[in-house]
Amino acid sequence: MQVEALKIFCDVARLRSFSRGAQENQVTQSTASQTVHHLEKHLGVQLIERAQRPLRLTTEGKTFYDGCRDIVGRYFDLEQSIRQLQHEANTHVRIAAIYSVGLGDMSQLVQEFNRRFAPAKAHVEYQHPDRVYQSVLEGSDDFGIVSFPRSRRDVTVIPWRKEEMVVACHPDHRLAREKKVAPAALAGETLVAFEENLTIRRETDRFLKRHGVTVSISLLFDNI
């Protein structure tokens with residue numbers, strides 16, 4: 001038994017008219033009449049006294065109407081709740097990003113997105129680069145942000161922005177007062193670097209090698 005059939009019966013009973021009940025449900029009067037007839041046949045009782053004008057419910061019809069009205073009302077309330085949950089889910093943007101993105105202005109960008117596109121919400125989860133790819137492929141996140149993205153058949157890469165490479169050092173270091181630092185100036189220095197299995201480390205090593213610079217590594221970061 002379909003909820004739509006119960007609603008048609010309830011509207012016919014409430015409005016005491018097949019034609020008005022049909023209009024309420026955007027069906028023909030014949031369809032409304034047949035729907036009620038099928039309900040009566042299914043239940044084995046007469047629900048509406050058709051000889052009366054306006055229509056009048058039988059004793060069984062009154063009992064059935066009271067029960068159906070509650071069922072139909074609760075069903076459509078539930079349907080509305082489910083639709084609202086789906087709407088809220090569709091207005092959430094899930095982002096997987098490497099940790100270093102959070103060190104910049106990502107939080108300000110998220111706040112600006114939430115302000116401009118309310119009620120949509122953006123949520124960022126910071127992860128290891130390999131996990132960012134996995135989250136996107138699994139559908140856990142809508143898109144990911146990584147440095148030096150890998151070209152893959154199962155992932156579409158869209159350039160976001162380029163960031164300048166900078167040197168971070170102690171205020172007393174010989175390079176601290178320099179406005180610009182040439183790669184050659186790093187020769188012989190001891191650096192804090194990324195783990196060798198990360199793309200950004202390989203790209204950094206390639207950059208230094210291309211400029212003929214040799215450095216030593218004293219500390220490693222694994223998941224940035």
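Derivation of every value follows stated rules applied to the coordinates shown; laboratory data play no part. The shown structure was predicted, so the numbers you read here are calculated from the model rather than taken from an experiment. No Cβ is skipped: glycine too gets one built from the backbone with ideal geometry, and neighbour counts run over all protein chains shown.
Compute the FRET efficiency between R69 and R116 as 1/(1 + (r/R0)^6), taking r as their Cβ-Cβ distance and R0 = 35 Å, and round to the nearest 0.05.
Between R69 and R116 the formula returns 0.20.
So which residue, out of Y126, Y65, Y99, gets the largest mean-square fluctuation from a GNM of the chain using Cα contacts under 10 Å as springs?
Maximum among the listed residues: Y65.
Could you give the C-alpha radius of gyration of region 35-98 expressed as a fraction of 2.2 N^0.38 Å, taking N as the number of residues it contains?
1.97
Taking the Cα-to-Cβ direction at D142 and at Q29 and moving 7 Å from each Cα, how far apart do the two end points lie in nm?
My value for the distance between the label points is 5.0 nm.
If you average the alpha carbon positions of region 92-166 and of region 2-27, how far apart do those two centres end up, in angstrom?
Comparing the Cα centres of region 92-166 and region 2-27, I get a distance of 51 Å.
With equal scatterers on the alpha carbons only and no solvent term, can you work out the Debye log10 of I(q)/I(0) for region 65-190 at 0.09, 0.13, 0.17 1/Å?
Summing over Cα pairs of region 65-190 leads to -0.49, -0.78, -1.00.
Provide, as a two-decimal number, the C-alpha radius of gyration of the chain over 2.2 N^0.38 Å, N being how many residues it has.
Relative to the rule-of-thumb radius for its length, the chain sits at 1.96.
If each residue of separation counts as 0.36 nm, what is the full-extension length gain between R153 and A185 once their alpha-carbon separation is subtracted?
Between R153 and A185, full extension yields an extra 7.6 nm.
For the chain, set up a Gaussian network in which alpha carbons nearer than 10 Å are linked by springs, and say which option among V72, V157, V45 fluctuates the most.
Looking only at V72, V157, V45, the biggest GNM fluctuation is shown by V45.
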